[in-house]
Amino acid sequence: MKGSDRLRRLASYAFFAVLVVAALSCNEAHPNSTLQPHSDLGREIDFLWNRLLLLGTIVFVLVEGALVYVVFKYRRRENQPTPPQTHGSTKLEIAWTLIPAVILVFIAVPTVKTIFITQAAAAPGSLNIDVTGHQWWWEFRYPDYGVTTANEIYLPVGRTVNFRLRSADVIHSFWTPQLGGKRDVVTNRTNYIWYTPDSAIASNVWNGFCVEYCGASHANMRFRVFTVSQQQFDSWVAGQKMPARFGAVGPAAPTTGAIPPPLEAPGMTTPTGPNAPSQAAQAAATAIARRSSGTGPAGGNQPAIVRGQNPAANPGAQTGDAATTIPAPSAGAIEAGYIFPRDKIPEYAIPHAPVPGDLKFTAGLTGNAARGKQVFSGAACIGCHSIAGNPSAMGVLGPNLTHVGSRSTIAAGRFPNAAAYLALWIKNARKMKPEVLMPTLGLDEYDPVLKAKVTSANGGLSDQQIADIVAYLTALK
């Protein structure tokens, strides 16, 4: 192949590559782009990036231009004698030493300035959030309010947030691309990062990630950030400070949920034979579950907690718990219990992880929340999880489940918080998420870590017991 033909072919490949990159760049949907900052810290980092990119581009053009000029001007020609050999040039050496030094000044000054800004202490009055990285989930504590949650953060816009970062095991890294720079989360040391979400981004959802490899499920260690108004944040805090009261739910969010929620949910098997539920019963159970998980027409915008509920007006509510109602707030008080509406969560913040094909759950089962509380309180769950209002659940190894029913995802953002996924998660979490600490609980399920089947002797739970636990957990708003 002649050189000119090879050059033309390479040029056509390069043109096609540039065309593809340009087409992808025209797409405005970049939900995880760090180049679209929505906080003061993000803009400082973005300014530094743009300045360094500009200076680097200028240096690249000048250096490559000089190189190309020298290559073509002093290239070898036919019948040309060997050029004279020279050794050293003091002027040239001084020039190419001073020029990079001057360039480094223009790079170092804005870099050092940005470092001092981003490493400074947060302003007084900032909202403090203690972040603890675990394998593989995030724990968030609001020490000023006495609130603990997992894998979801609520932030009031326009107020500086100070994150105090610690690790419970290995090195992690905390990053919300569109809100602020990343910061490592290490053991035996507390790192800090702060930013102020822009006032214009209220009622938005942002993806967060662990961006330091931390083990087999590193890619599954995610979280969600909800930026809300100050009033909504105060309402959320007030609701989170209340103990878990699964009886205080309205008719749109009943405490008895069916497994599975949507009929198209993965991993569900329909029993056959004389004891199989009728189609009408399955349809009714599905409708109930859709309402309870917020996926049906009565989901999303319904209040998570009904205050001052009258059990007589809601015969479907559980009355087995001593704390079945929450008194109505006094005049002027903040109404407790705001939860970001699920139907307002954008598609990019909804997980779509596949479910293992060999993990099944019996369809048509209807869980009972009161019965589920009893099963939960006597199972291995209480050894790892805590639920305020349930004195049996005092564990600290796993996420706090006090208001788990109000969260949008489970398994650190890997699956939607719907009854079908929660049932499969309880049944065999280690199939759903590689090497997760949570043990396999489903009866006769194979535990891939212990390499053994779960039996009733070591705490195995039947599908009906799991369905009851799911009903209990999904009702903890």
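The values are calculated or read from the model by the stated rules, or taken from the named source; none is laboratory data. All values reported here derive from a predicted model rather than from experimental measurement. Using ideal geometry, Cβ is built from the backbone for each residue, glycine included, and neighbour counts are taken over all protein chains shown. What goes into the accessible areas is simple: the full protein's heavy atoms, side chains included, and nothing from ligands, DNA or RNA. Shrake-Rupley method; radii C 1.70, N 1.55, O 1.52, S 1.80 Å.
For the range 63-78, which positions are open to solvent by 100 Å² or more (accessible area, probe 1.4 Å), modelled with pLDDT under 90 and within 21 Å of LEU92 (Cβ to Cβ)? Selection gives PHE72, TYR74, ARG75.
Kindly indicate the residue of the range 211-226 that is touching a Gly at 6+ places or on another chain (Cβ under 7 Å) and not β-branched (Val, Ile, Thr) and also farthest from ILE339 (Cα to Cα) among those meeting that condition. Only one residue tops the list, namely ARG222. Report every pair of residues separated by at least 6 positions or lying on different chains whose Cβ atoms are under 9 Å apart, first residue within the range 87-115 and under 28 Å from GLY181 (Cα atoms) and modelled with pLDDT of 85 or more, second among the small types (Gly, Ala, Ser) and part of a helix (DSSP H, G or I). Sorted first by the residue in the range 87-115, then by its partner, the pairs are ILE107/GLY56. Scanning the range 436-459 for residues that are aliphatic (A, V, I, L, M), open to solvent by 70 Å² or more (accessible area, probe 1.4 Å) and more than 27 Å from GLY413 (Cβ to Cβ) gives a single hit, ALA457. Of all the listed residues (ASP169, ASP184), the sole one being open to solvent by 30 Å² or more (accessible area, probe 1.4 Å), assigned to a strand (DSSP E or B) and of a type in the set (Asp, Glu) is ASP184.
Within the range 390-412, take every residue that is β-branched (Val, Ile, Thr) and in a loop (DSSP other than H, G, I, E, B) and give me the one that is most open to solvent (accessible area, probe 1.4 Å). The residue in question is VAL396.
Cβ-Cβ below 8 Å, separation at least six or inter-chain, first residue in the range 229-243 and without any contact (Cβ under 8 Å) to a residue 24 or more places away in the chain and at positive phi, second hydrophobic (A, V, I, L, M, F, W, C) and open to solvent by 40 Å² or more (accessible area, probe 1.4 Å): which pairs? So the pair list comes out empty. Flag: ILE387 matches the condition of being open to solvent by less than 10 Å² (accessible area, probe 1.4 Å) and either touching a residue at least 24 places away in the same chain (Cβ under 8 Å) or of a type in the set (Phe, Trp, Tyr) (or both).
The residue pairs whose first member lies in the range 435-463 and is under 21 Å from ALA219 (Cα atoms) and touching a residue at least 40 places away in the same chain (Cβ under 8 Å), whose second member is in a loop (DSSP other than H, G, I, E, B) and among the hydroxyl-bearing types (Ser, Thr, Tyr), and whose beta carbons are closer than 8 Å, counting only pairs six or more residues apart or on different chains, are GLU435/SER217; VAL436/SER217. Within the bounds of the range 323-333, is there any residue that is crowded, with 17+ Cβ neighbours inside 10 Å, modelled with pLDDT under 85 and polar (S, T, N, Q)? Yes, the range 323-333 has at least one match. Every listed requirement among (1) open to solvent by 10 Å² or more (accessible area, probe 1.4 Å); (2) over 16 Å from the mean Cα position of the chain (by Cα); (3) not acidic (Asp, Glu) is met by PHE209 save one, (2).
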